[in-house]
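The values are calculated or read from the model by the stated rules, or taken from the named source; none is laboratory data. Values in this document were obtained by computation on a predicted structure and should not be read as measured data. A quick note on method: Cβ atoms are made from the backbone with ideal geometry, for glycine too, and the neighbour counts reach across all protein chains shown.
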Ligand code: F0G
């Protein structure tokens, strides 16, 4: 019987690890690529969702965090730090716990979803709420790591990008080739950077340049790279606008970021792939969130629906060609931030029906 061994062991020949590396893993990766019938019908193509909420802490961050915490241990670090809109902190806290490291997380006060906050607390992280936004938190985290003995595990750490590129490998492994298009939300822009790196490495013969690798040339696994379409929230769309946004605002708190660390790499992914980075409104994000839960059976957090919102928007604009294979990364689990599901489209609260304890009343209520 084979059990998935986490992204480092599954893709060791394509990552900067050595055979003797002590691997910190919670079994991340190996997430399902789920066919999306309603979206496929909408665009007259084949649409799949890479469901990253199925990772151990409920988001794609785990792919990068297994690498970052493994690197921290290899360097003899005792403490790690990150800035986060919530998912990175949940992931860092969990992986640091397994490694026996102290974990400090800096989050924007009042702007992170309750599920994520509870994860960081449950795993015993040192939780600091900063009176500012994510960009300010990242600035502090960087300076802490430069001036104090703490190891930075944000995606400005290249180990994070290395781990996250395995998302692209898994898509190609599942489909047998790269898709025509890959869509995803863009916040701090680490993930679009990572997917593009993964797709590029998988589309050509490749030799692992890292110490400890066999030095063997690995074959190309894909015949081409996809066109990358990234989507920012309209109130937090610095790459789209071409300048930092000092007060980013969006209901998709995970991508409420005004000055992404991997800005230029995201632009490179866009330009090298002949893709786009565009904005979607909060309303479009919440519509896509509802579409996923009510039509595809996939429950995600609002930010995770930005790629789907982007597809629907581009389709309405007549910009999605028919008969294409399209993969959309849905980045985090719906249970991270469940409140949105309890709101109707008009913003009012969903109220469950109350009935007396009686079969006939329930049957009548159900229209049976
Ligand atoms: N989707 C979710 C659910 C996220 O948590 C994030 C980023 C993104 C998309 C955007 O990915 O930053 O690589 O462009 N969350 C970070 C955090 C910022 O702190 O958890 P990105």
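Under the condition of being assigned to a helix (DSSP H, G or I) and touching a strand residue (DSSP E or B) at 6+ places or on another chain (Cβ under 7 Å), which residue from the stretch 176-198 is surrounded by the most Cβ atoms within 10 Å (Cβ to Cβ)?
My answer is 192.
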- Does residue 37 fit the bill of being surrounded by fewer than 17 Cβ atoms within 10 Å (Cβ to Cβ) and under 18 Å from the mean Cα position of the chain (by Cα)? no
- Message: Can you confirm whether residue 324 is in contact (Cβ under 8 Å) with a residue 12 or more places away in the chain, under 25 Å from residue 113 (Cβ atoms) and surrounded by 16 or more Cβ atoms within 10 Å (Cβ to Cβ)?
- Response: no
- Of the residues that make up the stretch 93-102, is at least one assigned by TED's automatic domain parsing to the domain that holds residue 118, within 16 Å of the ligand (Cβ to nearest atom) and touching a strand residue (DSSP E or B) at 6+ places or on another chain (Cβ under 8 Å)? yes
- Message: With the condition being crowded, with 20+ Cβ neighbours inside 10 Å and within 15 Å of the ligand (Cβ to nearest atom), I'd like the helices (runs of 4 or more DSSP H) fully within the stretch 212-291 carrying at least 3 qualifying residues.
- Response: 263-272, 282-291
- Given the conditions (1) touching a helix residue (DSSP H, G or I) at 6+ places or on another chain (Cβ under 6 Å); (2) farther than 15 Å from residue 181 by Cβ, which single one is not true for residue 341? (1)
- By residue number, the members of the stretch 115-168 that are under 13 Å from residue 64 (Cβ atoms) and surrounded by fewer than 20 Cβ atoms within 10 Å (Cβ to Cβ) are 156, 158
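Just name the residue that is surrounded by the most Cβ atoms within 10 Å (Cβ to Cβ) out of those in the stretch 298-319 that are in contact (Cβ under 8 Å) with a residue 24 or more places away in the chain and away from the ligand (no atom under 15 Å from the Cβ). Before the answer, list the steps.
Residues of the stretch 298-319 in contact (Cβ under 8 Å) with a residue 24 or more places away in the chain: 298-315.
Add one more test, that the residue is away from the ligand (no atom under 15 Å from the Cβ), and what stays is 311-315.
Values: 311: 26, 312: 20, 313: 19, 314: 19, 315: 15.
Per the stated criteria, the residue is 311.
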